[in-house]
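The values are calculated or read from the model by the stated rules, or taken from the named source; none is laboratory data. A quick note: this is a predicted structure, and the numbers were derived from the prediction, not measured. Note that we place each Cβ from the backbone using ideal geometry, even for glycine, and neighbour counts take in every protein chain shown.
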Amino acid sequence: MSQQATPSSPVADRPQLTAAQQAAVAKLNYVIEQPRAIALLCGPAGVGKTTVLRHVADFSADLAAAAPRTIWLQTLAELADAAPPQADLQTPDVLLVDDAHRAAGRDLVDLVTRWRKRSDTITIVLAGEGRLLSLVAGDVRLEQSVRLRATLPAFSFAESSDLLAGRLPSRAAPSDYGAVIRTIHEIAGGVPEIALRLADMAAVVADADPDRALVSDDIEMIHRRLCLSAA
């Protein structure tokens, strides 16, 4: 049903993390060493929650040789669709649950209860958008069991600039480059997923007319077209 984390590529090959993401990884790496802990990882869509969970899973897999343990990274939907574990070998030491904010009613409480019946020492990390906090607060015992809360904010302008540097290497005139990046950052609200989408579309526009440099108005035009398409 679920896949146990396995050793991955060297750390150098993994995506570079922002300062906030590095801090979240460090916090979660600490808490998953604590038996029976529950931790929350919250942030808006697209700020790297799944990336952080993958780094935590990789970290634990790297340490597996020294301290054998199992860690599973699953979405809430994957856990809901799967049959309940039937054997002790199917119970991980750590369960990382992505998209936990999509839970309905008492689903989170039921999930924690179900897995703790399998292992009294299992550590569970629930990751999701802001609604996750309200879901946890809806059950006093669950809220009191939370030992750590980590939050991923939207990207700063500097972080957006670093993110987009490889996407728009020379597609804007030197005098307009900073303005183009700032426009993308402001339209995206610091959400990297949206910023990358805008940058990729800007690259397509630039390729269509290589003799004309990108300007901020091009980004505004792309944004308007995306809004019209979504309407």
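Might you let me know whether the range 72-84 holds any residue that is of a type in the set (S, T, Y), at pLDDT 90 or above and closer than 23 Å to A23 by Cβ? Even if it seems obvious, please write down each step before you answer.
Of all residues in the range 72-84, those of a type in the set (S, T, Y) come to 75.
Next, from what is left, pick out any that are at pLDDT 90 or above: 75.
With the extra rule that they be closer than 23 Å to A23 by Cβ, the set shrinks to none.
Looking for residues that are of a type in the set (S, T, Y), at pLDDT 90 or above and closer than 23 Å to A23 by Cβ, one finds none in the range 72-84, hence no.
Residues in the range 120-134 that are under 14 Å from the mean Cα position of the chain (by Cα) and not aliphatic (A, V, I, L, M) were compared, and the one that is surrounded by the fewest Cβ atoms within 10 Å (Cβ to Cβ) is G130.
For the range 138-231, give me every one of the helices (runs of 4 or more DSSP H) that falls completely inside it and has 3 or more residues that are farther than 30 Å from L96 by Cβ and at pLDDT 85 or above. Walk me through how you get there before you give the answer.
On the way: elements: 140-145, 157-164, 174-188, 192-208, 216-230.
In the range 138-231, the matching helices (runs of 4 or more DSSP H) lie at 174-188, 192-208, 216-230.
The single condition among (1) outside any helix (DSSP H, G or I); (2) assigned by TED's automatic domain parsing to the domain that holds V97; (3) small (G, A, S) that S134 does not meet is (1). Given the structure, is T50 surrounded by fewer than 17 Cβ atoms within 10 Å (Cβ to Cβ) and at pLDDT 85 or above? In short, yes.
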